[in-house]
Amino acid sequence: MEVYTRSKFFSFKNIGVILMLVATSAQAQYSDIFQNYKEKYPEASFVRLNQESNLFITIKNGNIDIVEKNVEENLYLNESATQGSKQSLNFSSFFELEEIEASSFNYEDRKYREEKVSVFTEKDEMGESFYDDTKSVNFVYSNLKKGSRSQLKYSQKIKNPRFLTPFYFGNFSPIAQNKFSITADASVNLKFKQFNTEGMDIVFTKEEKRGKITYTWKLKDVKAFDYESQASTYKNILPHLVPIIASYEVNGNTVPVLNETKDLYNWYYSLVKDVNQEPADPELIALTRSLTDGLDSDLEKVKAIYYWTQRNIKYIAFEYALGGFIPREANQVFKKKYGDCKDNSSILFKMLEIAGLKGNLTWIGTRDIPYSYEEVPTPMVDNHMILSYFDGADIYYLDATGRNIPITYPSSFIQGKEALIALDDSNYRIAKVPIIPAEMNSVKDKTQLKFEGKQLVGVTEVEISGYNKIDYIYALGNLNTKNERDIFYNEIFQKGNNKFIAQNISETNKDDYDKNIIVTYNFTIGDYFKQFGDQIFLNLNLNKYVSQYRTDPNRKRDIEVDFKNYYTFETELQIPEGYSVAYLPESQIFEIDYIKATISYSQIDGKIQYKHTVICDFLNLNLEQQKEVNELITKVEKAYKEVVTFTKKA
């Protein structure tokens with residue numbers, strides 16, 4: 001095979017296209033192995049025949065040397081094989097790609113013929129980042145088609161012992177054979193954490209020979225895992241193993257790496273301890289004082305600085321080597337007016353210090369990382385930095401990468417997560433971020449409604465709070481034209497049917513972080529109520545919000561939402577002149593532990609008072625809970641069909 005190495009750079013050759021005659025017999029077209037796996041996995045687009053990763057950990061000159069060698073072999077089971085032709089491997093200053101071999105194999109004349117990949121192209125991977133040091137090697141498997149196979153072999157040097165990566169025994173395609181092994185010097189102390197492997201027949205062996213220990217895990221015939229929308233992170237689904245280098249010995253001395261959270265904290269702190277040692281920029285000092293002068297409490301000062309940072313420091317993710325872990329100087333962030341999460345925390349820290357207040361740098365993982373610091377005390381456990389502020393017994397979690405986040409709310413994607421809070425050079429605190437109650441993320445809709453000809457005409461005031469407000473303002477910020485805004489308003493506020501038209505929209509408190517946004521608008525709804533002779537039939541359930549939480553009864557996974565929710569819809573309807581109420585539905589309450597809905601009707605002073613509430617008190621629902629929620633929704637949807645009947649007076 002043609003081999004790509006860092007010393008031998010890319011070989012550029014023209015890949016010839018060879019047209020092959022199609023075999024006349026279906027059995028001659030495909031190999032026995034193809035027929036076997038096509039029958040075994042008829043719905044799969046490909047099967048991974050072999051997935052192998054071997055780590056070699058040695059002590060050289062008092063330092064750890066780590067090389068990882070990988071093999072991936074795929075068999076393509078349908079015409080989508082061409083979509084797998086383009087492949088790439090990423091590497092960076094932490095993961096140095098050393099060599100690649102790649103080939104495709106097509107079945108011809110009853111045997112597989114190899115076509116070697118000879119062109120490898122290296123490029124920078126910018127992605128969504130402003131800049132980082134990630135690069136990729138890109139290549140194309142030649143002539144992949146149904147029945148083809150591909151083989152990829154590559155090795156990389158892991159340059160930091162804290163960055164061992166998980167091995168996944170399963171994926172969203174079937175895997176015929178898994179093998180993961182670590183061969184390490186006996187002086188290397190390793191720990192292993194397994195996740196989602198219950199009931200799996202993983203064969204583990206440990207062998208010691210000539211001062212080295214080899215740990216091996218093997219697993220065969222793993223079926224594909226299903227992808228489902230709104231599922232929690234794949235790390236909660238796919239079976240995997242996390243290897244950790246706890247420590248190693250050199251000349252009789254133990255060198256800690258990541259045996260416990262304290263080791264991770266010591267490394268993190270070593271990276272941030274020298275940040276912001278230079279004097280603050282005079283302009284930054286003047287700004288901070290202008291923001292805080294005249295404010296009575298320390299918390300009000302923190303709030304002023306926090307909101308200014310959210311509004312004025314643009315979030316741009318960019319990393320380079322350890323720059324992905326080390327905040328930039330506050331003076332630099334202030335001058336450039338942009339930065340990543342660490343940089344936003346850096347300038348917040350410095351501005352609080354100027355104001356005579358203390359912030360605490362804090363490492364935290366978003367909700368798509370399911371590990372605790374005790375389980376996995378490695379950089380895998382977190383991917384974000386914020387600033388914590390202690391106000392007596394209260395902790396405020398300040399994430400200036402967001403916008404419009406009140407100081408009393410953490411970012412929605414860190415709710416319930418552990419925060420690693422730096423106290424000083426040797427002390428830290430692990431605190432759990434609170435989950436915001438449903439009532440603090442409310443949509444409160446109050447509507448005045450009346451009949452006018454063949455239409456319903458009304459005026460609505462909506463009060464939106466918490467994460468709902470943040471999402472609303474974020475969505476508005478992405479709309480550039482009046483037409484886009486009109487579509488947005490008519491979709492988000494729709495009542496009754498698709499002939500709803502909102503007009504004269506006004507917004508109050510949109511730019512005030514601490515006040516709920518108030519939206520008012522007029523509207524009409526056409527062809528909604530029914531009139532037969534002397535009777536009018538009207539369904540006052542104009543907003544059927546609870547139905548959005550129904551899940552597929554055949555679903556196989558938990559479901560996750562961004563935040564808890566609270567909705568109220570109050571409608572006051574003028575009884576049409578010359579009519580009386582012939583039928584008013586009964587009020588009803590529907591309640592289980594995770595969701596509650598109420599619908600009530602009353603008649604007062606020539607008006608119908610209608611109120612509907614929905615309280616969604618969950619972030620995750622397992623399958624049994626989803627079943628209970630669906631049963632409740634079925635009952636509520638039956639109540640949604642109830643109509644008010646008016647009869648013309650004699």
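Bear in mind these aren't lab numbers, they're just calculated from the coordinates by the rules spelled out. Just so you know, these numbers come straight off a predicted model, no measurement behind them. Here the Cβ is made from the backbone with ideal geometry for all residues, glycine too, and neighbour counts use every protein chain on show.
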What is the set of long-range amide H partners of residue 338 at a cut-off below 5 Å, with H atoms built 1.01 Å from backbone N?
314
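Got the relative contact order for the stretch 438-648 handy, in percent, Cα pairs under 8 Å and 6 or more residues apart?
25 percent
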Report the label-to-label distance for residue 205 and residue 67 in nanometres (one decimal), using points 7 Å from each Cα along the Cα→Cβ vector.
2.2 nm
From phi via Karplus (6.51, -1.76, 1.60), per-residue ³J(HN,Hα) for the stretch 254-264 in Hz, x at Gly/Pro
8, 9, x, 10, 9, 6, 8, 4, 4, 5, 5
Low-density loop positions, GluC sites (Glu not before Pro), the stretch 523-586 - DSSP coil, at most 16 other Cβ in 10 Å:
577, 586
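Report the Rg/Rh value for the stretch 511-611, based on alpha-carbon coordinates and the Kirkwood definition of Rh.
Working: Rg = 18.2 Å, Rh = 17.4 Å.
My calculation of the ratio gives 1.04.
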How big is the stretch 26-256 in terms of Cα radius of gyration and Dmax, in angstroms?
19.6, 66
Return the loop-located trypsin sites (Lys or Arg not before Pro) in the stretch 506-575 (DSSP other than H, G, I, E, B) with at most 11 other Cβ atoms within 10 Å of their own Cβ; answer none if there are none.
556
Return the sequence-ordered ³J(HN,Hα) values of the stretch 432-440 in whole Hz as given by the Karplus equation 6.51 cos²θ - 1.76 cosθ + 1.60 applied to θ = phi - 60°, using x for Gly and Pro.
9, 5, x, 9, 6, x, 4, 4, 8
Would you please state the base-10 log of I(q)/I(0) at q = 0.16, 0.18, 0.26, 0.27 1/Å for the stretch 521-562, with intensities from the Debye formula using one equal scatterer on every alpha carbon?
-0.70, -0.75, -1.04, -1.08
Once the piece of chain linking residue 474 and residue 511 is laid out straight, how much longer is it, given 0.36 nm per residue of separation minus the C-alpha distance between them?
12.2 nm
Where does helix 482-492 land angle-wise versus the long Cα axis of the chain, in degrees 0 to 90, nearest 10?
80 degrees
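Compute the signed sum of charges (Lys and Arg +1, Asp and Glu -1) over the other residues within less than 12 Å, Cβ to Cβ, of residue 379.
Details: positive: 162; negative: 263, 382.
Here the count lands on -1.
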Relative to the longest principal Cα axis of the chain, at what angle does helix 341-354 sit, 0 to 90 degrees, rounded to 10?
70 degrees
Residues in the stretch 567-581 reached by a label modelled at residue 587 [backbone nitrogen below 17 Å; 7 Å Cα→Cβ]
568-573
Cα principal axis extents for the stretch 438-648, largest first, Å:
52, 42, 28
At a Förster distance of 41 Å, what's the computed FRET efficiency of residue 638 paired with residue 221, Cβ-Cβ distance as r, to 0.05?
0.35
P(r) over all Cα-Cα pairs of the stretch 263-432, 10 Å bins from 0 to the longest distance, whole percent per bin, short to long, reads 10, 42, 38, 10, 1
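Can you give the extra length, in nm with one decimal, that the chain gains between residue 607 and residue 191 once fully stretched, where that is 0.36 nm per residue apart less the Cα-Cα distance?
Numbers: separation 416, 0.36 × 416 = 149.76 nm, distance 6.96 nm.
Length gained, residue 607 through residue 191: 142.8 nm.
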Quick one: 3J(HN,Hα) in Hz for the stretch 29-44, Karplus 6.51/-1.76/1.60 with θ = phi - 60°, rounded, Gly and Pro as x.
5, 10, 6, 4, 5, 5, 4, 5, 6, 5, 6, 6, 10, x, 8, 7
If you take the beta carbon distance between residue 99 and residue 140 as r and set R0 to 22 Å, what does 1/(1 + (r/R0)^6) give as a FRET efficiency, to the nearest 0.05?
0.75
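Looking at the stretch 348-405, which GluC sites (Glu not before Pro) are DSSP coil and have at most 11 other C-beta atoms within 10 Å of their C-beta? Don't skip to the end; give the middle numbers.
Values: sites: 353, 374, 375; in loops: 374, 375.
Within the stretch 348-405, the qualifying GluC sites (Glu not before Pro) (loop, at most 11 other Cβ atoms within 10 Å) are 374.
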Selection from 526, 467, 585, by position along the positive dipole direction of the stretch 438-648 (Cβ):
526
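Let me check I've understood the local charge: for residue 558, count other residues with C-beta under 11 angstrom from its C-beta, Lys and Arg +1, Asp and Glu -1. What total comes out? Present the calculation step by step, with values, prior to reporting the outcome.
Values: positive: 555, 556, 557; negative: 228, 560, 624.
Residues close to residue 558 contribute a combined charge of 0.
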Provide Rg and Dmax in Å for the stretch 354-482, with only Cα atoms included in the calculation.
20.2, 74
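Using the eigenvalues of the Cα gyration tensor, what equivalent ellipsoid semi-axes result for the chain when each is taken as the square root of five times the eigenvalue, whole Å, largest first?
Details: eigenvalues 552, 284, 109 Å².
The answer is 53, 38, 23 Å, longest axis first.
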So, relative contact order of the stretch 263-432 in percent, Cα under 8 Å, 6 or more apart, is 22 percent
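Quickly estimate the mean residue ellipticity at 222 nm for the chain, helices only: each DSSP H run with n ≥ 4 gives -39500 (n - 2.57), and the total goes over all residues, rounded to 500. List each step's numbers first, then the result.
Values: 10 runs with 113 residues, N = 650.
The helix contribution divided over the chain gives -5500 deg cm²/dmol.
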What is the helix-to-structure angle for 466-477, meaning the angle in degrees between its Cα long axis and the longest Cα principal axis of the chain, kept from 0 to 90 and rounded to the nearest 10?
80 degrees
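Charges only on Cβ, +1 for Lys and Arg, -1 for Asp and Glu: so what's the dipole of the stretch 438-648 about the Cα centre, in debye to the nearest 20? Don't skip to the end; give the middle numbers.
On the way: 26 positive and 32 negative charges, 120 e Å.
Dipole about the Cα centre, nearest 20: 580 debye.
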